[in-house]
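The values are calculated or read from the model by the stated rules, or taken from the named source; none is laboratory data. Values in this document were obtained by computation on a predicted structure and should not be read as measured data. Cβ sites come from the backbone with ideal geometry, for glycine too, and all protein chains shown count toward neighbours. Just so you know, the surface numbers come from the protein's heavy atoms only, side chains and all, with ligands and any DNA or RNA stripped out. Shrake-Rupley method; radii C 1.70, N 1.55, O 1.52, S 1.80 Å.
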Amino acid sequence: MPERPLLSYHPNPLVAGFYRRLFEHIEVDDAWLRAVRDAKARGTVVYVLRNLSLVDFLALDHLTKRHDLPEVRFANDLGLWLLEPMQSGWLSALRRRTGDGDVALLERAVLGRASAALFLKRRPHLLEASARGKTEGDRLIRGLFDVQRRSADRVLLVPQVFVWSRSAGSRSLNLADALFGPSEWPGNVRAIAQFLGNWRHATLRAGDPVDLKEFLAREGDGATDEVLVRRLTYTLLRRLERERRAILGPARKPIDRVREEVIRSPKLQKVIADMAGEGAKERAVIGARARAMLHELEGGLDMNAIAALEPVVANAAARMFSAVEVDEAGIDQLRELAKEGTLVLLPSHKSHMDYVVLAWVLYRHKLPLPLIAAGDNLNFFPMGPILRRAGAFFIRRSFGSDRLYAAVVDAYVRRVLRDGRGLEFFLEGGRSRTGKLLPPKVGLLSMAVDAALGVPTRTTWFCPISIGYERFVEEKAFVRELSGGEKQKENVRGLVRSIDVLVGHYGRLSVQFGKPLSLGEVLQELDGSSKREGLTAMSPARRRAVVTRLAYRAMNEINAVTAVTAGSLVATALLAHNRRGLPHAELVATCERLARTLKHRGARFSSSLADSHHPGGIRGAALREAVDLFVRAGNVQAHQVGAHVIYVVEPERRMSLDLAKNGIVHFFVARALIATAVLAAPGPPLLLATARERVLSLSRLFKYEFMFRADATFERIFDEEIAAMTADGELDRLVLGSSEGAVGVAPHEDDGRQQIDLYARLLENFVEGYRVAARGLAVLLRGPLASRDVVRRAITTGRQMFLAGEIGRPEAVSRPALENAYASFVDQGYIARSDDKLWLTESYETASAVATIESRIEALGPAARVR
């Protein structure tokens, strides 16, 4: 943005130095500049600020001059002598000011097409008793009405919000507030103190301008000036508050008041009454238990703690990540929604870093921080107190049958959203150890939906967020758990051991925002209705349907906006071949083929990966950087053979790369299922109906493995993918015998075959993993067994199958894949489950019947591994 040299707009060296020292760090975004310049182009600009503030006035004067914007030639209750302390301005300061005189000065400035600063309110408090009787905005607004009625030029009122403190203020009044004014409406003393404490991180925002000519034409019929003043003042104050709220969020209540409101929740009181019966003593005991639960879980967001932690996090991020890429358009969208509504943030959960990363991104982008639902496994010293002050509230991993605890959590979530505070929780419940999204758990989401329905005057927006890593900070721990190791409990010892991650190299970090969802939109998807009465009058079954649809829509959005990084692309290419090594040229060619499909699917690409000079292309340098990242981590070996570089991934390192591959595998699942079905014995060509049946069987088998689209039926998705693969030259529509409904691999210089083979290889480890799970069912021939023991023995079986050459992918032997397979086998009727015990159903109680399960799965895969 263009700026004028400092002394060119302020020749007074004293004032110029003062400005340079104090106001150069104010964050001014392009939106503010555009708003003021657009208003200037339309007419005369009047800057409107909420309450009288010397600091705001000086900062505004600096910025308007610095950016060549309309300069202030009037300011009520301050006077321009402040800008000329060594000149004749002192004479102006000695003159007595009157209300009529101020109105005349304002009218003269505006009629002369100069700008003015209009402070609407002046809140009296003990240390500024002289404020009483001073001019407020009402008389001045009436003066602007007179100016607009006499002038053909338009007067544009542009709301201005300076934020000198990240504290949203409190709804309680203490002695400091009485003396100095509350933090959100400070007197001069407190305003200066806030400025001095935050002058390097101050923020300026502009609200939507009010065209005074249009306002009078719209509101003026039959209304007195007194009424018009009230209407205009309300409009301006509301727009000012919207901008302030978008940065700070709502004012916070004292913690003891929040506790009382939570405990008095009608639903919680009903649960206490039901559990206590008629006895007052029993009710008191259960009430005390509820208070203790609330005290254990509640969050205590402290912006001073956040400010202290920010440089620590920024330092760690700079060491750990080569870059942090943030979806700026998504940030702007959240900012707009935060002005009027309440945000429920639904990020993906693949690392403990997610808590820190998202809070850090929001803080740096001047958005209000939410309260964050965290597992109580993180509530240990010293992490617990730190996370609590960063906004975390701790809940149990499972509520079980504890009705009182569930009611306390529900009441707390309701209170948070009713107060307009943002909320953040992970729909997946826990961290994904595989890199793929986990199926949603809707407990907290259901509570948030109920709370949103209870606030009909304000929209609650559910905001899906993808947080992606090229390498996971917990990579070693995840690989150990995936390979059969037990999850380590979080504690101080683990925290100390994990400090070495701060010096690791994890590539790029990406934060992307999906389309925010409202309950009205979800209801409209379900039955074409989005009326408010349709929301509030829903039956319990209907409400469950809305919650479920919302959960899966959010997960689909997270998948859709996940950024494709060079690391995820390289990892996928390195795992999608069956030879010992992959030459660099073939790696690049495979990445380019994958990128073509991703472009067709509308995937977002990391800014470092996309080639700005060749639309649709990818940067070779980014691929080399990603390979180097994996080489330094020991996951890939690079062998220089003559003029060629060949990359080798040892079997024990494939699981690490699989974490990166799984971050984008969802983009290929639909085509991979079709490719796998087409290549299954006897191979292509085959009837379209047969392909459809095979793909349906595969999608049912992998029901718990992949997140399928929630906005369309299987038939529609299948037809759309067949059409897209045909259009992309990967499949051909054929005539087979007497049927015209057949499909085969496109023969275009073998490119179609290569692409189909590539898709099938992306799914190969999952088919092999389910074969391992089927082979592992043999242990149930002796009787029921705990599911964890079945999985443990299947892992041993899978390792034997890999060493014997029966399967080719060591990453197929994965605990989550086996657990998902057994959940699918229950649905298929192969096994039954109760109280975490598994046993074979009656039809599969023999060794030969168990063997048919593996045979069926093997038959669904390609006829032979593509080499």
- Proximal lysines to K270, defined as alpha-carbon separation beneath 18 angstrom and excluding residues fewer than eight positions away on the same chain: K281
- Query: Of all DSSP beta bridges in the chain, what percent run antiparallel (nearest 5)?
  - Reply: 50
- Task: Treat each spin label as a single point 7 Å out from the Cα along the C-beta direction, and report the E586 to E521 distance in nm.
- Result: 4.4
- Query: In square angstrom, what is the accessible area per residue of the chain with a 1.4 angstrom probe?
  - Reply: 43
- Could you size up the charge dipole of region 677-735 around its Cα centre, putting +1 on the beta carbon of Lys and Arg and -1 on that of Asp and Glu, and report it in debye to the nearest 20? 260
- Item | Computed FRET value (nearest 0.05) for H365 with S401, which takes r as the C-beta separation and R₀ as 35 Å | 0.25
- Return the long-range amide H neighbours of V72 (sequence gap of 5 or more, or a different chain), with a cut-off of under 5 Å between placed amide H atoms. none
- Message: Run the reach check for K703 against lysines, Cα to Cα strictly under 19 Å, same-chain hits fewer than 8 apart removed. What comes back?
- Response: K436, K441
- Hey, what did region 229-342 get for relative contact order, percent, Cα under 8 Å, at least 6 apart? 41
- Message: Give the separation of the Cα centroids, region 305-368 to region 671-737, in Å.
- Response: 39
- Note on the structure: Here the net charge surrounding A774, from other residues whose Cβ is less than 11 Å away from its Cβ (Lys, Arg +1; Asp, Glu -1), is 0
- Query: Working out 0.36 nm times the residue gap between S612 and A288, then minus their Cα-Cα distance, what length gain in nm do you get to one decimal?
  - Reply: 110.4 nm
- Message: Skipping prolines and chain starts, which residues have an amide H placed within reach, meaning under 5 Å, of the one on T203, given they are 5 or more residues away or on another chain?
- Response: E27, V163
- Note on the structure: Note on region 267-398: contact order normalised by length, alpha-carbon pairs under 8 Å, 6 or more apart, percent, works out to 34
- Two-site FRET efficiency, D751 against N578, from Cβ-Cβ distance with R₀ of 25 Å, rounded to 0.05: 0.85
- Task: Apply 1/(1 + (r/R0)^6) to the Cβ-Cβ distance of E652 and E340, taking R0 = 56 Å, and write down the FRET efficiency to the nearest 0.05.
- Result: 0.60
- Note on the structure: Restricting to aspartates and glutamates and to Cα separations under 14 Å from K837, and discarding same-chain partners fewer than 8 apart, the set is D789, E819
- Query: Around V645, with a cut-off of 12 angstrom between Cβ atoms, what is the net charge of the other residues, counting Lys and Arg +1 and Asp and Glu -1?
  - Reply: -1
- Given K339/K515; K65/K213; K350/K489; K350/K487; K121/K213; K339/K366, the pairs whose alpha carbons are separated by over 21 Å: K65/K213; K121/K213
- Spin-label pair E296/D77, simplified geometry with 7 Å Cα→Cβ offset, distance in nm: 5.0
- Using modelled backbone amide H atoms (1.01 Å from N, in-plane), which distant-in-sequence or interchain residues come within less than 5 Å of I465's amide H? L346, S348, G514
- Query: Hey, can you rank 510-520, 318-328 by average C-beta count inside 10 Å, highest first?
  - Reply: 510-520, 318-328
- Note on the structure: Label model pair R113, R596: point-to-point distance (7 angstrom along the Cα→beta-carbon line) in nm is 6.0
